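The values are calculated or read from the model by the stated rules, or taken from the named source; none is laboratory data. Bear in mind that the values here come from a model prediction, so they are computed numbers and not experimental data. Every residue, glycine among them, receives a Cβ derived from its backbone with ideal geometry; neighbour counts consider all protein chains shown.
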Amino acid sequence: MGKIEIFDFKKKTLRQINQYLQNIDYKKNLREYVIKNPNGNHAICAGLKEDIKVSIKGHVGYYCGGMNKNANIIIEGNAGTGLGENMMSGTIHVKGNVSQSAGASAHGGNIIIDGNASSRCGISLKGADLIVRGSIGHMSAFMAQSGTLLVCGNAGEALGDSIYETIIYLAGKPKSLGIDCEEKKITNKDLKKIEELLIIGNIKNIKPNKFKKYGSAKKLYNFKIDNISDY
């Protein structure tokens, strides 16, 4: 284990911290960093590109880890709106709760949330895997196009509204399903995927067979006059 570099918001600005982490020379710089006293600042660790580990000791504001590529970001607190928005790869692990639109348009990588996530979790998801130990709010996975949303708790209203190819695994109950979202049969392939996600999320108190699968009924893929009321 090499030396850990520490950044403190009492001594440096958001711009200084982000610019340093965004422009790391992968061959010359350290691989592990700690950020102290984040105090809910927005856009912390946005646009990281290298395979580094960043531990944030406290709560973060909007868009933490946005556009992340390769980095492993650990948040020891809660996170605001748009966590990991448009993330490409890497991992973001929140040890608290997350506000709305977690993982919005995320293309790849893993987002792990130990607590609950608010509304529109996984909105327009494009390939990432979201793992939520708690429950999620209304309109989650709205227009989600690819990737997976695994939730160990319950879901709010209109789960999977206008969903495309994203798959939802839910251990609890949805308050209601959105337009064109339906429950689907769990296959052995699904059980293997659920097991894989549970391992990634270090979730040991729930078995893969406790989840139900939800996905697109595929009635809205192409315009049909018979479905006009659903548009």
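Candidates L83, L30, L21, L48: the one that is in a helix (DSSP H, G or I), touching a residue at least 12 places away in the same chain (Cβ under 8 Å) and not aromatic (F, W, Y) is L21.
Screening the candidates D114, D129 for the property of being closer than 16 Å to C64 by Cβ and among the acidic types (D, E) yields one hit, D114. Of the strands (runs of 3 or more DSSP E) that lie entirely inside the range 90-169, those containing 2 or more residues that are closer than 19 Å to P208 by Cα, over 9 Å from the mean Cα position of the chain (by Cα) and among the β-branched types (V, I, T) span 146-151. Before we move on, is L197 closer than 17 Å to S118 by Cβ and touching a strand residue (DSSP E or B) at 6+ places or on another chain (Cβ under 8 Å)? Here the answer is no, as L197 does not meet what is asked. When each of L177, L170, L198 is tested for being buried (at least 19 other Cβ atoms within 10 Å of the Cβ), more than 24 Å from H107 (Cβ to Cβ) and either touching a Leu at 6+ places or on another chain (Cβ under 9 Å) or touching a residue at least 60 places away in the same chain (Cβ under 8 Å) (or both), the lone residue that passes is L177. Filter the range 180-195 down to the residues that are more than 15 Å from R133 (Cα to Cα) and of a type in the set (D, E), then identify the one that is surrounded by the most Cβ atoms within 10 Å (Cβ to Cβ). Among those that are more than 15 Å from R133 (Cα to Cα) and of a type in the set (D, E), it is D180. Only residues that are closer than 16 Å to R120 by Cα and among the basic types (K, R) were counted across the range 85-103, and they come to 0. Residues in the range 57-76 that are touching a Gly at 6+ places or on another chain (Cβ under 8 Å), at negative phi and either crowded, with 19+ Cβ neighbours inside 10 Å or of a type outside the set (D, E, K, R) (or both): 11 in all. Hey, L220 hits all of (1) of a type outside the set (D, E, K, R); (2) assigned to a loop (DSSP other than H, G, I, E, B); (3) modelled with pLDDT of 95 or more but one; which does it fall short on? Here L220 meets the rest and fails (3).
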